[in-house]
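These notes are about the structure you will find just below.
Bear in mind these aren't lab numbers, they're just calculated from the coordinates by the rules spelled out. On a predicted model such as this, the values are computed, not experimentally measured, just so you know. Cβ placement follows ideal geometry from the backbone for every residue including glycine, while neighbour counts extend to all protein chains displayed.
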Amino acid sequence: MQTRPSRLYLPKFEAAPQTIFEYLLARFPQVGESVWRERIARGAITMSDGNTLEEHSPYRYGITVFYRREVSSEPQAREEPVIIYRDSKILIADKPHGMPVTPSGEYVERSMLVRLQATTGLPDLDPMHRLDRDTAGLLLFAIDRDARRHYHMLFAEGRIEREYLAVAHAPDPLHSADWRIENRIAQGEPWYRQQIVEGPINAITEIRLTCLRSGFGWFNLFPKTGKKHQLRVHMVSIGCPIVGDPFYPTITAKRDGAPPLQLLARRLAFIDPLTGAARDFVSKRELLFQ
């Protein structure tokens, strides 16, 4: 199945690379310089200004780069996403740990979107929000192109209730059982990590401790905004990093047999913007520590 091109927005940097080619090499080190050179040579990468990318094309923030992910050989996915609801407008699927939502790096056919497009025969299927690759749980997809904006606005306007479960390292005793974290999250170092910075609030999470035992805490998380890595960063901010997190509080190498990130998008609830019906979906997955 031919998927839609992937999009890469070129962000603003204080010290930007000289060329877009340099940025691609740094952004996707696993792909390899020779692969990018070959794609550029055959005109397989285009830009939102209508030009085809060349090796010397200067870096310009605000430009979007379009390309199709190409992986010569992919192993089979270890686990498939499970469809828990589908009608003519939307699809709700349960994502396993370790599966990216959209094609990324070596994950093309193994990405959730491509797997669902293949199994459902719906090439226009489109995710209305994102989950980290390491996070499991529920995602809402739009089936009908005309309906996308209505469901996207549920997230943009905060008209959807999202509940996550997390198991985290936690001191005993904790000085609180309820938190409302409000701060600003921005890109950190390296680029794939996020950090709390000064400035206007853009990230809000309500956190509730439900159980504390033997150095671990079980938490319900209710994000009110949707910044990248928001829940992971906010859990670290209260002194309770999520079990299995390879990025926070420090970057750590994954060990064989180590548990996946113990974070699950458990529930989605909203009033359907097209029918007015109350929707309430719960993941069938569980965390290893439950």
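Can you divide the C-alpha Rg of the stretch 6-67 by 2.2 N^0.38 Å and report the result to two decimal places?
This ratio for the stretch 6-67 stands at 1.01.
How big is the dipole moment of the chain about its Cα centre under a simple scheme where the beta carbon of each Lys and Arg is +1, that of each Asp and Glu is -1, and everything else is neutral? Debye, nearest 20, please.
Value, rounded to 20: 260 debye.
Could you pull out every one of the lysines with an alpha carbon less than 27 Å from that of LYS254, ignoring same-chain neighbours closer than 8 positions?
Cross-link targets: LYS95, LYS227, LYS228, LYS284.
As an exercise, use a Förster radius of 35 Å and the Cβ-Cβ distance of ASN51 and SER88 to find the FRET efficiency, rounded to the nearest 0.05.
Efficiency, rounded to the nearest 0.05: 0.35.
Figure the gain on full extension for LYS254 and TYR192 (residue separation times 0.36 nm, minus the Cα-Cα span) and round it to one decimal in nm.
Residue separation times 0.36 nm, minus the Cα-Cα distance, leaves 20.7 nm.
Under a point-charge model restricted to the Cβ atoms of Lys and Arg (+1) and Asp and Glu (-1), what is the dipole moment magnitude of the stretch 155-290 relative to its Cα centre, in debye to the nearest 20?
The dipole of the stretch 155-290 has a size of about 240 debye.
So for the chain: antiparallel DSSP bridges make up what percent, rounded to the nearest 5?
Here the antiparallel bridges make up roughly 95 percent for the chain.
Consider just the alpha-carbon atoms of the stretch 161-264 and return their Rg together with their Dmax, both in angstrom.
That works out to 13.4, 41 Å for Rg and Dmax.
Set Lys and Arg Cβ to +1 and Asp and Glu Cβ to -1, take the dipole of the stretch 161-264 about its Cα centre, and tell me which of LEU231, HIS169, PHE219 lies farthest positive.
Value computed over the given set: LEU231.
With a 10 Å Cβ neighbour count serving as the proxy for reagent exposure, in which order, fewest first, do TYR67, TYR59 appear?
Ordered by Cβ neighbours within 10 Å, fewest first: TYR59, TYR67.
Name the residue from ALA278, LEU264, GLN195 whose Cα lies farthest towards the positive end of the charge dipole of the stretch 160-278, charges +1 on Cβ of Lys and Arg and -1 on Cβ of Asp and Glu.
After comparing all options, I get LEU264.
Just going by the charge dipole of the stretch 6-67, with Lys and Arg at +1 and Asp and Glu at -1 on Cβ, which of ILE20, SER48, TYR59 is farthest out on the positive end?
Checked the options; the winner is SER48.
For the chain, what does the helix formula give at 222 nm: sum of -39500 (n - 2.57) over DSSP H segments with n ≥ 4, over the residue count, nearest 500 deg cm²/dmol?
Result for the chain, helices only: -4000 deg cm²/dmol.
In whole Hz, what ³J(HN,Hα) sequence does the stretch 201-218 give by Karplus (6.51, -1.76, 1.60; θ = phi - 60°), x for Gly and Pro?
5, 9, 9, 10, 9, 9, 10, 10, 7, 10, 7, 9, 7, 6, x, 10, x, 9
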